[in-house]
Each structure stands twice: as structure tokens, then as C-alpha cells.
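A short write-up of the structure that comes next.
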């Protein structure tokens, strides 16, 4: 199953999905895309209108689905002006960069024998196009960490670590630099 | 075009939230919602929460946060009243307030404009990660996103 946001399909099936809604479609011959659930461009979808399709609504649940990996993968479904204020869509290259960071983080917690379900970051799309990894709130009452995967070519990662006493901001390019931040979050440095 | 409103420190500003920017289990917005050099808002003095929310829903935004202009000013931001205007010829938003804005056009390049949101304002300035966190921590949530079934 793959997800498309398209008006061409919905225009022909008004009872099934309204304009600009994400819809899941199932087709007999599935095109191959890297990365599983993949949003198609409008032109791609139009080309697939020749297939007999089943259409039903499966809009990604950004409110209750907190799975970090799934949220990262579904950033591709956010199209231009997704925030209503003119935000641009996320590129696959940008999301891949965030997935690389996610992999390093997951590996760190697994290697430390810590439950990733507890230490998994909350992922959120930023209005300026960055991707937020957040360890904050009730799960992390003493130390909070935010890492932003920006669209900048140099030093694409920014961070903010904060506790009750102080805040510290910085940026880095090497993914390995995230390890000291995670160690700080856990209170081990 | 009517004269632009001078935003006062006591003014309340509405900011729409995308569901992905809201942490539902803690009922709070994240910093992600405020990370924008040109941060659009609705000026409460010029609209109502209900009207702002109706505009948000049309764009599939189903939550609204608010903060006082005083907060933005304390965080070294500038606040402009810049009504959303759409150029009839190109269907693009046009800003005529800030020459640095990505939507800026001078008077001579656009002719027919349609105002779609007279209460629109812009919180302009460099927003460090500390600044956007301050917005997220300090704002009030006026309308929470509905839980999806």
C-alpha cells in the first residue's frame, strides 16, 4: 500500500475522499519505490489512474501516532503549504538525513541496553522546513534535548539542551556528535 | 488599502498549529510550531478566535495557540500587521510591508489584490532554538486538536 495526496483521484470519487486528503490506494501492479510507504507526485498519480483502484481514507494520524520512525517516513506526505503558512514540502534527501540520525540514536540506546520505546524522540515538522527530534516534557523532567535537522548544507544539525539552570545551543555536521548529547540527556556526563 | 494596525504589547496573537507539531499526550505544542523567521499570526484585536479557527480549518489546521505580543517583543522580535493579500493574476500571496519577506512585491509589480485575511500579522526576527522553545513553553492553547477516530 502506498499513500498519495491527489486531487485527480478524489475528483472522480467524491463520496470516498474529499479534495486534498491523503488516500491509500491498492493496485494490482505496485510500482517499486524506495522506502515503503511513499507519496507520489500528482503527475505520478495521474499516470496510475489507468489502473483499477480501491480508494479509502488512511490519512496519517499525526496526533496519536508517536512512533518516531513512522512520523519521519510520513513527512514526505506533507505537501507545500502543509502548515497553512506557506511551508515547503520535505525532500526525500532531507528525510533520509533525519533517518540517518534516527538510526544512530536508536543504535546508541540499544547498545546501552536501554528501552528505545522510552527514549525514542518525539518527531515534529518545523514551519521553516527543519525536522525536530525532541526529548522533553514528562518523560524528561530534569534534562531536555532538542535536535533539529535543518536544510542547511553546512552543519545541518542544531541542538538545544536545557535544564533548570541553563541552556546551551550549538550545531554540528558529524552524526557522531549526537552521542555526547544523548549521554548528557541520560545524566552520564 | 487601510492603514496598518500598530500592534501593542498587550495584544494577543493567534498561531495555528499543525497536528504534527502538537504533543497530544502532554497537551502542548512543540517548538516546531514557532520555528520560522517570518512567523505568521492572526492579531486578536482584528479578528476573533472563532474566525481565525475557521480560516485554520480550511487549511487543515485544527488547533490554535496564542501568546501576547509582549512575549515576542521581549524575545527581540518585530511584529507587523500585514493583511494576507492574493494577487489575482498569479494567485500568490503578496507582502507589501517587509522588503525582506519572501512574498514581498513592490506596488508597481502587482495590480489587482484580494485581501483574504485582514487580521494577519507577522512576527519577524531571528529565532534561536531557545527563542522558539520560549514561545512553545509560554503560549496558551486556545483550541486543542480533536482526537482522530
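Kindly evaluate residue B:51 against the criterion of being within 13 Å of another protein chain (Cβ to nearest Cβ) and touching a residue at least 24 places away in the same chain (Cβ under 8 Å). The answer is no for residue B:51.
Here region B:71-95 is the region considered, the condition is being touching a helix residue (DSSP H, G or I) at 6+ places or on another chain (Cβ under 7 Å) and away from every other protein chain (no Cβ under 14 Å), and the residue that is nearest to residue B:117 (Cα to Cα) is B:79. Going by the structure shown, is residue A:188 at pLDDT below 95 and surrounded by 16 or more Cβ atoms within 10 Å (Cβ to Cβ)? Spelling it out, it is not the case that residue A:188 is at pLDDT below 95 and surrounded by 16 or more Cβ atoms within 10 Å (Cβ to Cβ).
In the set (1) under 22 Å from residue A:80 (Cα atoms); (2) assigned to a strand (DSSP E or B), the condition left unmet by residue B:89 is number (2). Candidates are the residues of region A:115-128 that are in contact (Cβ under 8 Å) with a residue 12 or more places away in the chain and more than 9 Å from every other protein chain (Cβ to nearest Cβ); the one that is farthest from residue B:39 (Cα to Cα) is A:118.
Output the residue which, of all residues in region B:3-13 that are surrounded by fewer than 20 Cβ atoms within 10 Å (Cβ to Cβ) and in contact (Cβ under 8 Å) with a residue 12 or more places away in the chain, is farthest from residue B:68 (Cα to Cα). Don't jump to the end; show me each part of the working.
The first filter runs over region B:3-13 and keeps only residues surrounded by fewer than 20 Cβ atoms within 10 Å (Cβ to Cβ), leaving B:3-6, B:8-10, B:12.
Keeping just the survivors that are in contact (Cβ under 8 Å) with a residue 12 or more places away in the chain gives B:4-6, B:8-10, B:12.
Numbers: B:4: 19, B:5: 16, B:6: 14, B:8: 9, B:9: 7, B:10: 6, B:12: 5 Å.
Among residues in region B:3-13 that are surrounded by fewer than 20 Cβ atoms within 10 Å (Cβ to Cβ) and in contact (Cβ under 8 Å) with a residue 12 or more places away in the chain, the one farthest from residue B:68 (Cα to Cα) is B:4.
Within region A:69-98, the set of residues being surrounded by fewer than 18 Cβ atoms within 10 Å (Cβ to Cβ) and within 9 Å of the chain's Cα centre (by Cα) comprises A:69, A:70. For region A:170-180, does any single residue satisfy the condition of being surrounded by 13 or more Cβ atoms within 10 Å (Cβ to Cβ), within 11 Å of chain B (Cβ to nearest Cβ) and either within 22 Å of residue B:27 (Cα to Cα) or without any contact (Cβ under 8 Å) to a residue 24 or more places away in the chain (or both)? Looking through region A:170-180, at least one residue is surrounded by 13 or more Cβ atoms within 10 Å (Cβ to Cβ), within 11 Å of chain B (Cβ to nearest Cβ) and either within 22 Å of residue B:27 (Cα to Cα) or without any contact (Cβ under 8 Å) to a residue 24 or more places away in the chain (or both). Taken together, the residues in region B:119-135 that are assigned to a strand (DSSP E or B) and facing chain A (nearest Cβ under 8 Å) amount to 0.
Within region A:79-89, the set of residues being within 11 Å of another protein chain (Cβ to nearest Cβ) and over 14 Å from residue B:61 (Cα atoms) comprises just one member, A:88.
I need the full set of residues from region B:102-122 which are modelled with pLDDT under 75 and closer than 22 Å to residue B:14 by Cβ, in order please. First the steps, then the outcome.
Step one: of region B:102-122, the residues modelled with pLDDT under 75 are B:102-111.
Matches in region B:102-122: B:102, B:103.
Among residues of region B:33-67 being in a loop (DSSP other than H, G, I, E, B) and over 11 Å from the mean Cα position of the chain (by Cα), the one that is surrounded by the most Cβ atoms within 10 Å (Cβ to Cβ) is B:35. Counting only residues that are at pLDDT below 95, assigned to a loop (DSSP other than H, G, I, E, B) and touching a helix residue (DSSP H, G or I) at 6+ places or on another chain (Cβ under 7 Å), region A:115-139 holds 1 of them. If the condition is being more than 13 Å from residue A:67 (Cα to Cα) and in a helix (DSSP H, G or I), then region A:104-114 contributes A:104, A:105, A:107, A:108, A:109, A:110, A:111.
Please determine, by comparing only the residues of region A:137-163 that are touching a strand residue (DSSP E or B) at 6+ places or on another chain (Cβ under 9 Å) and at the interface with chain B (Cβ under 8 Å from one of its Cβ atoms), which one is surrounded by the most Cβ atoms within 10 Å (Cβ to Cβ). Per the criteria, the residue is A:146.
When restricted to residues that are more than 17 Å from residue A:131 (Cβ to Cβ), more than 15 Å from the chain's Cα centre (by Cα), within 7 Å of chain A (Cβ to nearest Cβ) and in contact (Cβ under 8 Å) with a residue 24 or more places away in the chain, region B:14-27 contains 1.
The values are calculated or read from the model by the stated rules, or taken from the named source; none is laboratory data. All of these numbers come straight from a predicted model, not from anything done at the bench. Note that we place each Cβ from the backbone using ideal geometry, even for glycine, and neighbour counts take in every protein chain shown.
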